[in-house]
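Derivation of every value follows stated rules applied to the coordinates shown; laboratory data play no part. Predicted model only: the values in this text are computed from it and were never measured. Cβ atoms come from the backbone with ideal geometry, glycine included; neighbour counts cover every protein chain shown.
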Amino acid sequence: MEFIDLKTQQKKIENALNSNIQKVLKHGNYIMGPEVKQLEAKLAAYTGTKHAISCASGTDALLMALMAYGVKPGDAIFTTPFTFIATAEVIALLGATPVFVDIDSKTYNIDSTKLALAINALKSKDTSIYPLPLTPDSSRLTPRGVIPVDLFGLPADYDAIEPIAKDHGLFVIEDAAQSFGAEYKGQKACSFGDIGCTSFFPAKPLGCYGDGGMCFTNDDNLAEVMESIRVHGKGGHKYDNVRVGINGRLDTLQAAILQAKFDIFPEEVELRQTVARRYTTRLNPLSSLLTPHVPEGYNSVWAQYSLLAKDEDHRTGVLKKLQDHKIPTAIYYPKPLHMQMAFEYLKYKIGDFPVSEDIAKRIFSLPMHSYLTAEEQTKIAEIIMGEG
Ligand SMILES: *Cc1c(COP(=O)(O)O)cnc(C)c1O
């Protein structure tokens, strides 16, 4: 059994893949070939956004979005500590300061009530309101933006987050690296906030065969700036550079591969719902393990199907049982970002984000992909149930 099975999918789209790849080899426009623009148009239409700007990775998508806002040293960007390092890494890369906000204990996404507290704490320089980073410049930080993460494919609570951000004049960048294909109240992930950023890393719900990413926005100006940043800050032409940018393009070959995958993507999203539902039906009778909570109005795209154990020992026991039966598992994420050595300089303490710290000790993920069979899932459930 595989944690994420890409081979079954590949067989299914073999012809389209081969023909799309051959087309690129034939025209030879490996950089920004026609497939790139075609893919951008298709995905903009799918997400219901005006502009889609493809790029080299989900990390670059986040970086380009922050650069489009001119994020710089002295800026504070609010985000969750319960995410992949890239979310906060891009903030630090630009010299700005990540300000962490704990998560909701049911959705594992940023807690909007605590977001409001953290913004007020920063503005009033009062750590009794909410924990803040303690860097030499932390008393002079300017709140600039929020990066909510749609963790495990479930969109964050944008109905609560967007008004808070607006009140304080902050931009919202949706880290939709795990949520392409998800929905909230009929609106597609990647279309929330001011810019949505996704990733086409192979293991994501829509993945390519290498690295890739995309930014989505309805703002003409932001789109234009991100297109410029993507290609070394280009102006009117390639050797006219109006700003400092990056080499952040998506390869034509990856765009061609993504088009073949995107053709069956809506169908795969449905299959993911079925697979997730089957897990929940089979595992719900077990009171000691908590199945994922999807609030009313949300459609997760199930980048991960994650269970919550009673405590760390319980998790270790269940994982061992699964391992003994050669069932692959994963822990996303074992260490919240405020406890990572990379962010030691922010001087956060253990206990600052108790929900993230607690969830990190108890969470684990089961194999999840569109082609997981009912038999495989029954087997996994039986092994887990045997754990008691
Ligand atoms: C995967 C991921 C990223 C980074 O995407 P890459 O394409 O690997 O650079 C950023 N944020 C989150 C939440 C992710 O899961």
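Observations on the structure shown:
- The length gained by stretching the chain between LYS7 and ASN221 to full extension, at 0.36 nm per residue less their Cα-Cα distance, is 73.0 nm.
- Considering segment 265-384, its Cα convex hull presents a mean projected area of 9.1 nm².
- Legend: ranking of residues VAL24, VAL301 from fewest to most surrounding C-beta atoms inside 10 Å; resulting order VAL24, VAL301.
- Ranked for footprinting exposure by Cβ neighbours inside 10 Å, fewest first, LEU63, LEU346 give LEU346, LEU63.
- Karplus 3J(HN,Hα) series, Hz, for segment 215-220 with 6.51 cos²θ - 1.76 cosθ + 1.60 (x for Gly, Pro): 10, 10, 7, 9, 8, 4
- Residues of segment 274-307 with amide N under 16 Å of the 7 Å Cα→Cβ point at ALA160: 293-298
- Electrostatic bookkeeping for SER365 treats Lys and Arg as +1 and Asp and Glu as -1; over the other residues with beta carbon under 14 Å from its beta carbon, the sum is +3.
- Rounded, prolate or oblate (a/c below 1.5 giving rounded, otherwise prolate when a/b exceeds b/c) for segment 161-254 by Cα gyration tensor: oblate
- Distance histogram in 10 Å bins (all Cα pairs of segment 198-318, percent per bin): 11, 27, 26, 19, 13, 4, 0
- Order of ILE350, ILE359, ILE110, ILE229 - criterion: other Cβ atoms within 10 Å of each residue's Cβ, fewest first: ILE350, ILE359, ILE229, ILE110
- Nearby lysines by direct alpha-carbon distance to LYS335 (threshold 23 angstrom, same-chain neighbours under 8 apart not counted): LYS106, LYS114, LYS204, LYS310, LYS320, LYS321, LYS347, LYS349, LYS361
- Cα-Cα P(r), the chain, percent of pairs per 10 Å interval: 5, 23, 31, 25, 13, 2, 0
- Nonlocal amide H pairs with TYR305, under 5 Å, H built at 1.01 Å: LEU366
- Dipole magnitude of the chain about its Cα centre (Cβ charges: Lys, Arg +1; Asp, Glu -1), debye to nearest 20: 540 debye
- Whether segment 71-151 is rounded, prolate or oblate, judged on the alpha carbon gyration tensor where a/c under 1.5 counts as rounded: oblate
- Efficiency of FRET from Cβ geometry, THR378 and ILE129, R₀ 41 Å, rounded to 0.05: 0.25
- Along each principal axis, Cα extent of segment 1-64, largest first, Å: 36, 34, 22
- Dipole check for segment 82-134: with +1 at the C-beta of Lys and Arg, -1 at the C-beta of Asp and Glu, and the Cα centre as origin, the magnitude is about 120 Debye.
- Each of the peptides 115-127, 4-16 was scored by the mean count of other Cβ atoms within 10 Å over its residues; in descending order, highest first, they stand as 115-127, 4-16.
- Based on Cα contacts under 8 Å between residues 6+ apart, the chain shows a relative contact order of 22 percent.
- Electrostatic bookkeeping for LEU222 treats Lys and Arg as +1 and Asp and Glu as -1; over the other residues with beta carbon under 12 Å from its beta carbon, the sum is -4.
- Normalised by the number of residues in segment 265-384, the average gap of Cα pairs under 8 Å and 6 or more apart makes the relative contact order 37 percent.
- Radius of gyration over Kirkwood radius for segment 213-274, both on Cα atoms: the Rg/Rh ratio is 1.15.
- Cα-based shape type of segment 32-124, given that a ≥ b ≥ c are square roots of the gyration tensor eigenvalues and the cut on a/c is 1.5: prolate
- Over the chain, DSSP H runs of length four or greater, each weighted -39,500 (n - 2.57), average out per residue to a 222 nm ellipticity of -12000 deg cm²/dmol.
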